[in-house]
Structure formats: structure tokens, C-alpha cells
Amino acid sequence: MKYNPKLNDKAASFPDFQEHHPLAPCSSAPGILQLMWELQQFLAEISGFPAISLQPVAGAQGEFCGLLIMRKYHLDRGKPRTKVIIPDSSHGTNPASVAAVGFSTIEVKSNEQGIISPEAVQAVMSDDVAGVMMTNPNTLGLFEKNIVEIAKVVHKGGGLMYMDGANLNATMGIFRPGETDSILCISTCIKRFRPRTAAVDRGRAVGVTSELEKYLPLPTLTKDNHGKLFFDYDRPHSIGRLHGFNGNFANMVRAYAYIKTMAARD
């Protein structure tokens, strides 16, 4: 699940990558920006979501980002909400991230199959619920087969669906969350596509539907009318910056190299 190809490490160690200053102008880094742009397109294809941000630098920060988007979505609609539903099988960072954003948690018990039922979510759904956080496959390694039905319950109640892709390898190429027409927000781990050790910082990409794209963190990598890549800071609806720079670039290179060597189409 966490294969460590040395080729990916070698690519990330190229001097032109390692020695480029993160505050250097975009005009000095066309290749770096092109790699980031292509990685976004790969992750969009894998997840089924049209808009991707590479800025989060950790799994928990990806959760934090998704929940900030969830909060901003409800605030912009003039209907702020205070609670987030999480399964009892969720990773410990889930309730911590919920609390960090200012929400409170509602824990839902797994059924005898080790997954969450739509009925259990319906029982606690209310006008105070901002959304649901789920990992699929879940922390027990089981596929949450009711995910679409659960998302429908949440959306009917005015909430958003956050799906963590921490275990994305198990369903990659089989299940694309963005195609369910139900899940609005997913956190797709770059760590699925690069070496993971205790000494290596993680990377996380957050993907959203077109409806939520305007909330992605600053800056967003985009193209101008001439096809030139640049970082766009003019995003009035954005949740803002998550940290000083633009993601963990070394891990973006590792993820890019892994995808290109495994299955990416030209």
C-alpha cells in the first residue's frame, strides 16, 4: 500500500527542483508549474473532481481545508451550521479537525457489517449539521457501500459530503467519488502516490466540484488567456492561505513520477 520506488526519490532530488526558491517569480519556474498543473489534472481524473488544490501539506491539514470549505459554503448561504457527523470508525484526526474549525461532532455507530447505514445518518441529520466526514474504504478497511445513499440523505438536509481518500489505492480505477453525483468534497492523498516514511512530510490534494471551486485555498494555479500558468491570488471567496508556500513540492514530484510510471496517459 505504501510502496517506496527509489525512482520517485531520485526525481524529487533533482537540483533544479531542490534549489529553486519558493518565493521566486513564476516566470523562473515554467517547468515546475507545468508539473504541478499536470499533477492536478491526473488527480482530477483519478478522483472525478474538476477542481484540485495541491496546497495542503498533511492529511490533517487536508481535513482542515475541507472543513473550512464546508463552513464557508454555509456562511455564504446565510445559514451557518455547527455540527459534523463522523463514524465511530473514523481516524482520530477527524474529530480534532472538526473541533479546530469550530464545529462539534456527532458520532454515528457502525452497523454489524462495520460500515455506516443511511438510516443511522438520517436519525441524527438536522438543520444544524454542516456535513458528514467519511473515509472510504474506512479505517477498518471496509468499503462504505452505502456512501451514495448517505450523501443523498446529507444533501437533502442541506449538508455537504466530505470523503477522505486516505485509502484511495483500494478503489482507484474502480470507484471515482466525483462521478457519484452525490459527494461534493473529497480529500485525495498525494501520499497514496509517493513514498511514506516517518521522516518524510506528507502532501494532500483537495478536490471539489465546480460549485465549491471558488472556496479553494489561495493561491490557485491557473492559466491566463494565452495558456501561461500563474498563481491566482484574486479569489474573493477563497478560504485563504493554509501556510506560507504552495504545498510540499518534493512530494508532488514523487506523486507525479509514480503516476507517470504506473498508469498515466499522455
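The values are calculated or read from the model by the stated rules, or taken from the named source; none is laboratory data. Remember, predicted model here, so these are calculated numbers, not experimental data. We place every Cβ from the backbone using ideal geometry, glycine too, and count neighbours over all the protein chains shown. To get the accessible areas, we keep the full protein, side chains included, count just its heavy atoms, and leave off ligands, DNA and RNA. Shrake-Rupley method; radii C 1.70, N 1.55, O 1.52, S 1.80 Å.
Quick one: is Glu107 of a type in the set (Asp, Glu), open to solvent by less than 40 Å² (accessible area, probe 1.4 Å) and in contact (Cβ under 8 Å) with a residue 12 or more places away in the chain?
no
So how many residues does the range 1-32 have that are hydrophobic (A, V, I, L, M, F, W, C), open to solvent by 20 Å² or more (accessible area, probe 1.4 Å), under 22 Å from Arg241 (Cα atoms) and outside any helix (DSSP H, G or I)?
The qualifying residues number 2.
Looking at Asp164, Asp128 in this structure, which one is farther than 19 Å from Cys65 by Cβ and in contact with a strand residue (DSSP E or B) (Cβ under 7 Å, 6 or more places away or on another chain)? Don't jump to the end; show me each part of the working.
Values: Asp164 fails: farther than 19 Å from Cys65 by Cβ.
Answer to the check: Asp128.
Looking at (1) modelled with pLDDT under 95; (2) open to solvent by less than 20 Å² (accessible area, probe 1.4 Å); (3) in a helix (DSSP H, G or I), which one does Leu35 not meet, given that it meets all the others?
Status for Leu35: all satisfied but (1).
For a quick check of your reading: which strands (runs of 3 or more DSSP E) sit entirely within the range 168-266 and have at least 1 residues that are modelled with pLDDT under 90 and touching a Leu at 6+ places or on another chain (Cβ under 7 Å)?
Those strands (runs of 3 or more DSSP E) span 185-189, 204-208.
Going by the structure shown, is Gly66 in contact with a Lys or Arg (Cβ under 7 Å, 6 or more places away or on another chain), buried (at least 19 other Cβ atoms within 10 Å of the Cβ) and touching a residue at least 40 places away in the same chain (Cβ under 8 Å)?
no
When you scan the range 53-134 for helices (runs of 4 or more DSSP H) that lie fully inside it, which ones turn up with 1 or more residues that are more than 24 Å from Pro217 (Cβ to Cβ)?
Numbers: elements: 59-76, 93-101, 118-124.
By residue number, 118-124.
If you take the residues of the range 39-52 that are open to solvent by 50 Å² or more (accessible area, probe 1.4 Å) and part of a helix (DSSP H, G or I), which of them is farthest from His243 (Cα to Cα)?
Step one: list which residues in the range 39-52 are open to solvent by 50 Å² or more (accessible area, probe 1.4 Å), which gives 41, 45, 50.
Next, from what is left, pick out any that are part of a helix (DSSP H, G or I): 41, 45.
Values: Gln41: 23, Glu45: 26 Å.
The qualifying residue farthest from His243 (Cα to Cα) is Glu45.
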